[in-house]
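J.: What follows is a structure written as structure tokens; I'll ask about it next.
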Amino acid sequence: MEAPNTIVVLAGGIKQDASGRWMSTDLTAEDDRLGASGGKLRVFAATILSNQHPAAVVVTSGGKGYDLPGNTQADQPVSAEILRDELIECGIPAPRIVLEKNSNTTYQQLQEIEKMIPERGWKNVLLITNRYHLPRLRAMIETKYPNLVEVMTSVSAEEVLIEADPMRWEAMIAATYAESFMTERIAKETQGVEQIKNGTYRFR
């Protein structure tokens, strides 16, 4: 695939810090209980790829989500805006960033990106997610969006980070993926892939 002219950061989980500020989740057992952990790694990876491809549009994708215990959806922030703010803090200029705020699930994120591709004339779209999530994402694309296979590819944030700085990331990521919470998360993702392939998956 040619160099991407569009880089899409799929929203992961979000959390609040001690001051109440919302941010992407870390790749930890604690944050895994809040939803999809490792969202911050997606931001770091998107920053690296955006710097490697300075002409590419950067898309942050995600609405208010469903997986924040103790909050009504009306109280939840928009994930795309959190990702945007984090990318700006990492040095990505605000004018490069396009927000997709209508989606609440992986399936909906793909639906919205599919609409935006012809509307905006995007080609060579690169999606960023976490390693554990990548097989289910790819299964969805192959099953529901086969026409996008030629213009869309996907990569794990972990792969990008390890390639860019193995001394910082490789051992930490390997240790985290060996933990029980991640084994359980991968098992659920694997089950989702099987359900997509056998037609029993509940797309929403």
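J.: Per-residue ellipticity at 222 nm for the chain, helices alone: DSSP H runs ≥ 4 residues times -39500 (n - 2.57), over residue total, nearest 500 deg cm²/dmol?
T.: Working: 8 runs with 94 residues, N = 204.
Per the formula, -14000 deg cm²/dmol.
J.: Quick check for you: with a 1.4 Å probe and neighbouring chains kept, what is the accessible area per residue of the range 131-204, in Å²? Don't skip to the end; give the middle numbers.
T.: On the way: 4480 Å² over 74 residues.
On a per-residue basis, the range 131-204 sits at 61 Å².
J.: Once neighbouring chains are kept in place and the probe is 1.4 Å, which whole percent of the accessible area of the chain is contributed by carbon and sulfur? Intermediate values should be presented prior to the final figure.
T.: On the way: 4920 of 10040 Å².
Carbon-and-sulfur percentage of accessible area, whole number: 49.
J.: Let me ask you something else. Among DSSP beta bridges lying fully in the chain, give the percent that are antiparallel, nearest 5.
T.: Working: 3 of 21 bridges.
In the chain, DSSP labels about 15 percent of beta bridges as antiparallel.
J.: By how many nm would the segment from residue 198 to residue 144 grow when fully extended, if each residue of separation counts as 0.36 nm and the alpha-carbon distance is taken off?
T.: Details: separation 54, 0.36 × 54 = 19.44 nm, distance 1.30 nm.
The residue 198-residue 144 span can extend by a further 18.1 nm.
J.: Here are a few candidate values for Cα extents along the principal axes in Å: (1) 48, 40, 32; (2) 43, 41, 40; (3) 43, 39, 37. Which one was actually calculated from the structure I just gave you?
T.: Matching entry in (1) 48, 40, 32; (2) 43, 41, 40; (3) 43, 39, 37: (2).
J.: Using a 1.4 angstrom probe on the protein heavy atoms only, line up 31, 26 by accessible area, largest first.
T.: 26, 31
J.: May I pose another question? Show which aspartates and glutamates lie in cross-link reach of residue 144 when reach means a straight Cα distance below 12 angstrom and same-chain residues fewer than eight apart are skipped.
T.: Those aspartates and glutamates meeting the cut-off are 114.
J.: Note down, for the range 1-54, the three equivalent ellipsoid semi-axes (square root of 5 times each alpha carbon gyration tensor eigenvalue), biggest first, whole angstrom.
T.: On the way: eigenvalues 137, 27, 13 Å².
The equivalent ellipsoid of the range 1-54 has semi-axes of 26, 12, 8 Å.
J.: Still on this structure, I have one more. What shape does the range 71-127 take by its C-alpha gyration tensor, where a ≥ b ≥ c are the square roots of the eigenvalues and a/c under 1.5 counts as rounded, a/b above b/c as prolate, and the rest as oblate? Please list the in-between numbers first.
T.: On the way: a/c = 2.43, a/b = 1.13, b/c = 2.15.
Here the range 71-127 falls in the oblate category.
J.: Moving on. So how far, in whole Å, is the C-alpha centre of the range 97-116 from the one of the range 174-204?
T.: Computed from Cα coordinates, the inter-centre distance equals 21 Å.
J.: For residue 159 and residue 18 in one chain, what is 0.36 nm times their gap in residues minus the Cα-Cα distance, to one decimal in nm? Walk me through the numbers on the way to the answer.
T.: Numbers: separation 141, 0.36 × 141 = 50.76 nm, distance 3.03 nm.
Working it through step by step, the gained length comes to 47.7 nm.
J.: Here's something else I'd like to know. Describe numerically, in nm with one decimal, the distance between label points set 7 Å from Cα along Cα→Cβ at residue 178 and at residue 29.
T.: Taking the simple label geometry, residue 178 and residue 29 are separated by 1.5 nm.
The values are calculated or read from the model by the stated rules, or taken from the named source; none is laboratory data. Source: prediction; values computed, not measured. Neighbour counts run over all protein chains shown; Cβ positions are idealised from the backbone, glycine included. For the accessible areas, the whole protein counts, side chains as well, though only heavy atoms, and no ligand, DNA or RNA atoms are used. Shrake-Rupley method; radii C 1.70, N 1.55, O 1.52, S 1.80 Å.
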